[in-house]
Amino acid sequence: MSELQDRIEDLVAQGDGVNRGAAGDAVADLIQALNAGDVRSASQNDDGTWSANAWVKEGILLGFKIGRMADYSSEQFPFYDKNTYPVKPLRKADNVRLVPGGSSIRTGSYVAPGVVCMPPMYINVGAYVDEDTMVDSHALVGSCAQIGKRVHLSASAQVGGVLEPVNAAPVIIENDVFVGGGAGIYEGCVVREGAVLAAGVNLTSSTRLYDTVNETVHTASDDEPLEVPEGAVVVPGSRSVGGDFGEEHGLSLYAPIIVKYRDQKTDAATVLEDALR
């Protein structure tokens with residue numbers, strides 16, 4: 001993909017004077033590659049860390065820049081968006097179950113065979129959703145988010161997108177992760193393989209994650225994202241606010257807590273039923 005990368009980087013460098021025809025061709029080629037899963041907005045390195053592919057995100061932003069408003073409305077469904085980002089084209093042969101009821105998948109996202117999309121849910125441009133994952137009702141997969149195999153995003157789960165800045169890694173959800181209802185993962189957090197986030201867990205780059213098993217605290221730094229360890233089971237908790245005022249008023253702050261690591265009982269509670277596929 002070095003040729004496509006070179007084209008996009010050259011076009012982005014042209015700024016406001018970019019040739020719209022050449023840019024349109026490059027964006028169309030990028031969207032085709034994203035739809036096919038041939039390129040991704042983030043890649044896993046040999047050491048297991050993840051890095052953003054800035055040129056992919058620059059290409060997506062270029063598509064918004066050159067796009068013109070278009071009318072994609074049907075008789076009872078008003079829909080107006082940039083002509084560069086219509087709804088993703090799906091066929092029966094793609095083997096993606098898109099259950100009727102108001103779901104949308106934006107073009108320029110990869111949705112692998114075996115994915116189940118329950119209405120209404122939304123997958124944004126640049127996202128990558130791997131095989132046999134379930135995106136449940138009212139769940140969001142934000143722009144450039146990377147979702148692994150056999151992940152369950154429960155109802156109302158929110159996986160935030162990170163399109164800007166282009167060098168920032170998006171949210172990463174690795175294989176076999178369970179994300180409970182109403183949970184939210186934002187700002188480039190990484191959830192490692194097999195982790196379980198209970199309903200209502202929220203993670204951001206400023207969150208402190210308390211590990212009661214190993215008696216440690218997981219935090220993000222300027223160079224590293226917040227990571228949920230492999231197989232960790234995380235539940236919502238709280239920690240008291242120090243000082244006289246906090247004690248006087250019984251104040252506490254939200255604090256996610258690792259209460260254990262995955263075991264057979266956890267596996268049984270989070271299994272994805274093959275019958276649903």
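At most 14 other Cβ atoms within 10 Å and a DSSP loop assignment: could you name the GluC sites (Glu not before Pro) in the range 161-266 that fit? Before the final figure, lay out the partial values.
On the way: sites: 174, 187, 193, 215, 227, 230, 247, 248; in loops: 174, 187, 193, 215, 230.
In loop regions of the range 161-266 (DSSP not H, G, I, E or B), the sparsely surrounded GluC sites (Glu not before Pro) are 215.
Relative to the longest principal axis of the C-alpha atoms of the chain, give the angle of the C-alpha long axis of helix 54-66, reported between 0 and 90° and rounded to the nearest 10°. The angle comes out at about 60 degrees.
Hey, what's the Kirkwood Rh for the range 85-145 if you take every pair of different alpha carbons, in angstrom? It would help to have the intermediate numbers written out before the result.
On the way: mean 1/r = 0.0901 Å⁻¹.
By the Kirkwood definition, the hydrodynamic radius is 11.1 Å.
Mind running the shape call on the range 177-259? Use the C-alpha gyration tensor, a ≥ b ≥ c as the square roots of the eigenvalues: rounded below 1.5 for a/c, prolate if a/b tops b/c, oblate otherwise.
Working: a/c = 1.90, a/b = 1.63, b/c = 1.17.
Prolate, because a/c is 1.5 or more and a/b exceeds b/c.
Translational diffusion coefficient of the range 85-263 at 37 °C, 0.692 mPa s, Stokes-Einstein with Kirkwood Rh over Cα pairs, in µm²/s as a whole number. For the chosen part, D equals 195 µm²/s.
Between the helical axis of 2-13 and the longest alpha-carbon principal axis of the chain there is an angle of about 90 degrees. When DSSP beta bridges are restricted to pairs lying wholly in the chain, around 35% turn out antiparallel.
Given Cβ point charges of +1 (Lys, Arg) and -1 (Asp, Glu) and nothing else, what value in debye, to the nearest 20, does the dipole of the range 85-263 about its Cα centre take?
So the magnitude is around 960 debye.
Largest mean-square fluctuation among 184, 194, 101, in a Gaussian network model of the chain whose springs join Cα atoms under 10 Å apart, belongs to 101. For the chain, the mean residue ellipticity at 222 nm estimated from helices alone is -6000 deg cm²/dmol, where every DSSP H run of n ≥ 4 contributes -39500 (n - 2.57) and the total is divided by all residues, rounded to the nearest 500. The gain in end-to-end length when the residue 83 to residue 45 segment is fully stretched comes to 10.3 nm, 0.36 nm per residue minus the alpha carbon separation.
Checking the cross-link filter: which lysines have an alpha carbon closer than 16 Å to that of residue 57, excluding same-chain neighbours under 8 positions apart? Hits, sequence-local ones excluded: 65.
Need the full-extension length gain, residue 97 to residue 36, defined as separation in residues times 0.36 nm minus the C-alpha distance. One decimal, nm. Could you put the intermediate results ahead of the total?
Values: separation 61, 0.36 × 61 = 21.96 nm, distance 1.68 nm.
Contour length minus the Cα-Cα distance gives 20.3 nm.
Extension gain, residue 22 to residue 253: 0.36 nm times the residue separation minus the Cα-Cα distance gives 78.0 nm.
Every read-out reported here was derived from the displayed coordinates using simple, explicitly stated rules and does not represent laboratory data. Being a predicted model, the structure only gives us computed values, none of them experimental. A quick note on method: Cβ atoms are made from the backbone with ideal geometry, for glycine too, and the neighbour counts reach across all protein chains shown.
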